[in-house]
Amino acid sequence: MTICEKAYAKLNLCLDVTGRLPDGFHAVRGVMQSTDLADNIEIIPSEGEWRAESNLRYLPTGDTNIAVRAARLFREETGLGAEGGVIRLDKKIPVCGGLAGGSTNAAAVLRAFDREYAAGLGEEGLRKMGGVLGSDVPFCIAGGTMLAEGKGEILTPLRPLPRCAVVICRPPFSSSTPELFAAIDRRKIKMRPDLAGMLAAIEAGDVEGVARRMFNVFEAALPDRQRGLVFAAKSALLDLGALGACMSGTGSAVFGLFSDDETAKAAFEELSSRGETSFFCHTT
């Protein structure tokens, strides 16, 4: 038996760090959006331990792979499904890009198992389980357009963003999430997202208004060289017709929203011709 599931990438339309929570974690607030850029997941239950396989040889295959941890957690919590097997990850989402590439793999495993084994957890139960694995996993289970608060796991559904074209460009560096949070702690945040304006634009279905308000406080916390690469990617997207551009999560992926597919495809092709790691997709 092979269980198949899609694992969809997320974007941070805006992202702010608002303080500390009682457990010591940082409190964040912003808007998350799913896209149709997706990894393909195949789960083959069998004897032995759970392990992962991937088209990317450098990805971990055992306990440190979050998809493997998701499979084990589901079995521990529900008593359903196989005790082991293989999770095949056909990775399309760039790794370490701030697009929830690992979290969305874990979410896909949980969704697939809930469906296949008729666990009846539903979205609420899956989101609670996913929160044990990581703060982005609950959103990746639900998808859509969401206000995210707390560590990112407190989600409020918003009016779905109208489908629009997206071009993602991944500058050639990987950022450290703990180091960026530490950098945020050391500095005074001078500029924050216009979250009220973002929420109003989303409610109005105003994609241009959303694009104008995209903002991520982590961009300013990046080391100088990395910040320069992000700025260059944003500038390139804007020059090629994006309505707005922003870094997603703690990077390094930068994305632009476009008003039409033709302009977005031309931007994607131009960036690709320059040797930039780029992706064309849509919001969903």
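Worth pointing out:
- Neighbours of ARG88, meaning other residues whose beta-carbon lies under 12 angstrom from its beta-carbon, give a summed charge of -3 when Lys and Arg score +1 and Asp and Glu score -1.
- Ascending count of other beta-carbon atoms within 10 Å, so fewest first, for THR18, THR145: THR18, THR145
- Low-density loop cleavage sites - GluC sites (Glu not before Pro) in the stretch 26-71, where at most 14 other Cβ are within 10 Å (DSSP): GLU47, GLU49
- For ASP194 and ARG274, the FRET efficiency from 1/(1 + (r/R0)^6), where r spans their Cβ atoms and R0 equals 35 Å, is about 0.65.
- Full extension of the segment from SER46 to ALA232, taken as 0.36 nm per residue of separation minus the current Cα-Cα distance, would add 62.2 nm.
- Burial order of peptide ranges 191-199, 239-247 (average beta-carbon count within 10 Å, highest first): 239-247, 191-199
- The distance between label points at GLU149 and ARG212 comes to 2.6 nm (points 7 Å beyond Cα on the Cα→Cβ vector).
- Two tests apply to each whole DSSP H helix in the chain, Cα reach of 20 Å or more along its axis and mean Kyte-Doolittle hydropathy of at least -0.5, and the ones passing both are 101-116, 224-239.
- Cα-based Lys pair tally, the stretch 3-157, threshold under 18 Å, eight or more apart or on separate chains: 6
- Annotation for the stretch 181-284: trypsin sites (Lys or Arg not before Pro) lying in DSSP loop with at most 14 further Cβ atoms inside 10 Å of their Cβ are ARG187, LYS188, LYS190, ARG274.
- In the stretch 1-71, the trypsin sites (Lys or Arg not before Pro) that fall in loop regions by DSSP, at most 12 other Cβ within 10 Å: ARG57
- At full extension, GLU179 and LEU21 could sit 55.1 nm farther apart than now, given 0.36 nm per residue minus the alpha carbon distance.
- Cut-off 13 Å between beta-carbons: net charge of the residues surrounding ILE154, Lys and Arg +1, Asp and Glu -1: 0
- FRET efficiency, 1/(1 + (r/R0)^6) with R0 25 Å, evaluated for LYS92 and LYS265 via beta carbons: 0.90
Read the figures in this text as sums done on the coordinates, not as results from a lab. All figures in this text were calculated on a predicted structure; none of them were measured in a lab. Reconstructed Cβ throughout: ideal geometry from the backbone, glycine too, with neighbour counts over all protein chains shown.
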